[in-house]
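Participant: Below is one structure. I have some questions about it.
The values are calculated or read from the model by the stated rules, or taken from the named source; none is laboratory data. Just so it is clear, the model here is predicted, and its values are computed rather than measured. Cβ placement follows ideal geometry from the backbone for every residue including glycine, while neighbour counts extend to all protein chains displayed. All accessible areas refer to the heavy atoms of the entire protein, side chains included, with ligands and DNA or RNA removed. Shrake-Rupley method; radii C 1.70, N 1.55, O 1.52, S 1.80 Å.
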Amino acid sequence: MDSEELVDLIYAALLGERTWEDFLKALSEQLPDGVATLFYHDSEKSRGSWDLVYGADASALRDGGYYASINPWMKRAATRQVGVGVISDQMLPVNELKRTEFYTDFVYGRFRTRAAVGLTMVREEGKSFLLSVLTSREDPDENARAAQLLTQLAPHLRRAFHYFRAGPKHRQIAEIAGSLFDSADVGVLVVGEGGRLKTASGSAERMLTEGRCTRLNPLGRLRLCDAEAAQVLQRMLDRTEEDAPRAFTRVINGTKATLVRVMKDRFAAYFEGPTVVLLLEPVLRPRALELEDFVKSHKLSSAEARALVGLLEGKNAAAIAAEASLSRETVRTQIKSLYAKLGAAGRIDVIRQVAQLDLRRATK
């Protein structure tokens, strides 16, 4: 297969007409016993991940994070020219490579390969995105021809990165019903790798300007005004963090911040990187007399009123139950009863009704 056919596979994968597995399979077939892999390495943290591999069983990547951290090729890969294919001998002489744990236990021990050709596709802020093909062939001249092939593919692979990272600007907000959140004055932020803000709803932009819960630093990176929430966000946006939480909620200076890590297919996750949706919901604390009137007008029981206050303060059923020394199931039943009396579909509808009550009072 020549370079033009591989380039066609790249664009066919972008358009969904073929898969990235097809591309990696075709590439692996260019070298004897080829194992093609797209992987990532952070030179500042000495951490990495073998994200996508074709030509080997998935079990071969067990403890892959450890072997990524001791990969001796990465020292040179962190400084080599972007977009130029190289052979492994250029990264480390073969006699030195064969004395390393990385070679004996991983490259040869698991894949029965002896050398590689590689390419740094993109490098940014000490993070490298790489394409490599392991091979049993050790002839440097033959492997050099395969490295030249990677050089020809480099500009097209960089375009794949730009495509995934740019994407339709408001796609993520549309997927989570941004118009509904805006109507309830709930802000939606979509955050990418490194804390880069991808897009924000109108309400979120106003909240960013206020800076009580979150703000942008001079480099355009999102910062949360709470140490624990900021740490969780950092973990969610770290592609090497296997145990990062899927969701996290925290009330920060009167605003409920909910972080949700978006799950993607493996190829989108590699090219685009981690994405986190941040929901910002004002915590309403109406004055006691106003809340009493609201409770009376809707004929809420004391249990339903307690649930109402908890929801307005950004608490979930478990937190309300713990404060009242009740079971979670009991509180969930009370919340359902509250929703039924208010004709509310959920907590956002409850917030909207209380906010509208305050607005009517303000205009009288």
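Participant: Answer rounded, prolate or oblate for the range 3-43, using the Cα gyration tensor with square roots of eigenvalues a ≥ b ≥ c: rounded when a/c is under 1.5, else prolate when a/b is larger than b/c, else oblate.
Facilitator: Numbers: a/c = 2.19, a/b = 1.22, b/c = 1.79.
Note, shape of the range 3-43 comes out oblate.
Participant: Further question on the same structure: Can you compute the charge dipole magnitude of the chain about its Cα centre, using +1 on each Lys and Arg Cβ and -1 on each Asp and Glu Cβ, nothing else charged? Give it in debye, rounded to the nearest 20. Intermediate values should be presented prior to the final figure.
Facilitator: Numbers: 52 positive and 48 negative charges, 350 e Å.
So the dipole magnitude of the chain works out to roughly 1680 debye.
Participant: Still on this model: Can you give me the accessible area per residue for the chain, using a 1.4 Å probe, in Å²? Can you show the working numbers first?
Facilitator: Numbers: 17870 Å² over 364 residues.
In whole numbers, the chain has 49 Å² accessible per residue.
Participant: Work out how much length ASN217 to THR151 would gain on full extension: take 0.36 nm times their residue separation and subtract the Cα-Cα distance, in nm to one decimal.
Facilitator: 20.1 nm
Participant: Per-residue ellipticity at 222 nm for the chain, helices alone: DSSP H runs ≥ 4 residues times -39500 (n - 2.57), over residue total, nearest 500 deg cm²/dmol? Please list the in-between numbers first.
Facilitator: Values: 17 runs with 164 residues, N = 364.
Helix-only estimate at 222 nm: -13000 deg cm²/dmol.
Participant: Here's something else I'd like to know. Roughly what angle does helix 3-14 make with the longest principal axis of the chain, taking Cα atoms, 0 to 90 degrees, to the nearest 10?
Facilitator: So the inclination is approximately 10 degrees.
Participant: Which one, [x] 59, 22, 19; [y] 53, 20, 17; [z] 34, 23, 19, gives semi-axes √(5λ) of the Cα gyration tensor in Å as derived from the coordinates shown?
Facilitator: Recomputing semi-axes √(5λ) of the Cα gyration tensor in Å here picks out [y].
Participant: Using per-residue counts of other Cβ atoms within 10 Å, averaged over each peptide, order 81-90, 345-354, 269-278 from highest down. Each step should come with its number before you reach the end.
Facilitator: Working: 81-90: 18.8, 345-354: 16.7, 269-278: 20.7.
Most protected by this proxy first, the peptides run 269-278, 81-90, 345-354.
Participant: Set the bar at 19 Å for Cα to Cα. Now go through LYS45/LYS98; LYS75/LYS98; LYS25/LYS45; LYS45/LYS127; LYS315/LYS336 and name every pair that lies beyond it.
Facilitator: Working: LYS45/LYS98 24 Å; LYS75/LYS98 16 Å; LYS25/LYS45 31 Å; LYS45/LYS127 9 Å; LYS315/LYS336 15 Å.
Among LYS45/LYS98; LYS75/LYS98; LYS25/LYS45; LYS45/LYS127; LYS315/LYS336, the Cα-Cα distance tops 19 Å for LYS45/LYS98; LYS25/LYS45.
Participant: Cα axis of helix 328-342 to longest principal axis of the chain: angle in degrees, 0 to 90, nearest 10?
Facilitator: Taking Cα atoms only, the helix is inclined about 60 degrees.
Participant: Using a 1.4 Å probe on the protein heavy atoms, what percent of the accessible area of the chain belongs to carbon and sulfur?
Facilitator: Details: 9050 of 17870 Å².
Percent of accessible area from carbon and sulfur atoms in the chain: 51.
Participant: Nearest 10 degrees, 0 to 90: what angle lies between the long axis of helix 347-363 and the longest principal axis of the chain (Cα atoms)?
Facilitator: Long axis of 347-363 versus the principal axis of the chain: about 50 degrees.
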